[in-house]
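Right, one structure below, let's go through it.
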């Protein structure tokens, strides 16, 4: 899946840390990626199922419309998210929107 994190900005900030703080490349990249991931927008998920590698939320579909709200009557399905992208029960907004559109 595509990320919305601009890799160019991450690498530029890592290079700036290398030049200004005399850090090595690997630790600068780790800090830059950590900062970029922490500042990405997240949405809270109501997790109903969990496996070793993924978590699922309930979604309801009817007449081509998908909703996460239980007030929306329709067929109940599960929408899966990889655990590597879920942080404290929250998923990135871009991934949530992409999965809802493709469902």
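The values are calculated or read from the model by the stated rules, or taken from the named source; none is laboratory data. This one's a predicted model, so the numbers in the text were calculated from it and none came from an experiment. Every residue, glycine as well, gets a Cβ built from its backbone with ideal geometry; the counts of neighbours run over all protein chains shown.
Please list, ordered by first then second residue, the pairs with beta carbon atoms under 7 Å, 6 or more apart or interchain, first in segment 92-103 and over 13 Å from residue 65 (Cα atoms) and in the same structural domain as residue 68 (by TED's automatic domain parsing), second modelled with pLDDT of 85 or more and assigned to a helix (DSSP H, G or I).
92/85; 95/85
What are the residues in segment 55-87 that are at pLDDT below 85, part of a loop (DSSP other than H, G, I, E, B) and within 18 Å of the chain's Cα centre (by Cα), if any?
Result: 68, single match.
Being out of contact with any helix residue (DSSP H, G or I) (no Cβ under 9 Å at 6 or more places or on another chain) and either without any contact (Cβ under 8 Å) to a residue 40 or more places away in the chain or more than 18 Å from residue 90 (Cα to Cα) (or both) is the requirement here; does residue 52 meet it?
Taking the combined requirement at face value, the residue does not satisfy it.
Being part of a strand (DSSP E or B) and surrounded by 14 or more Cβ atoms within 10 Å (Cβ to Cβ) is the filter; apply it to segment 44-54 and report the residue that is modelled with the lowest pLDDT.
In this case the residue turns out to be 47.
How many residues does segment 15-41 contain that are assigned to a helix (DSSP H, G or I) and either under 22 Å from the mean Cα position of the chain (by Cα) or assigned by TED's automatic domain parsing to the domain that holds residue 94 (or both)?
10
Could you list all residues from segment 7-39 that are out of contact with any helix residue (DSSP H, G or I) (no Cβ under 8 Å at 6 or more places or on another chain) and within 18 Å of residue 85 (Cα to Cα)?
7, 30, 34, 37, 38, 39
Could you list, in sequence order, all residues of segment 84-103 that are surrounded by 13 or more Cβ atoms within 10 Å (Cβ to Cβ) and farther than 18 Å from residue 5 by Cα?
Scanning segment 84-103 gives a single hit, 100.
Tally the residues that are touching a residue at least 12 places away in the same chain (Cβ under 8 Å) and within 24 Å of residue 88 (Cα to Cα), restricting the search to segment 14-38.
Qualifying residue count for the region: 7.
Failed condition for residue 59, given (1) surrounded by 12 or more Cβ atoms within 10 Å (Cβ to Cβ); (2) in contact with a helix residue (DSSP H, G or I) (Cβ under 7 Å, 6 or more places away or on another chain); (3) over 30 Å from residue 17 (Cα atoms), with all others met?
All conditions are met except number (2).
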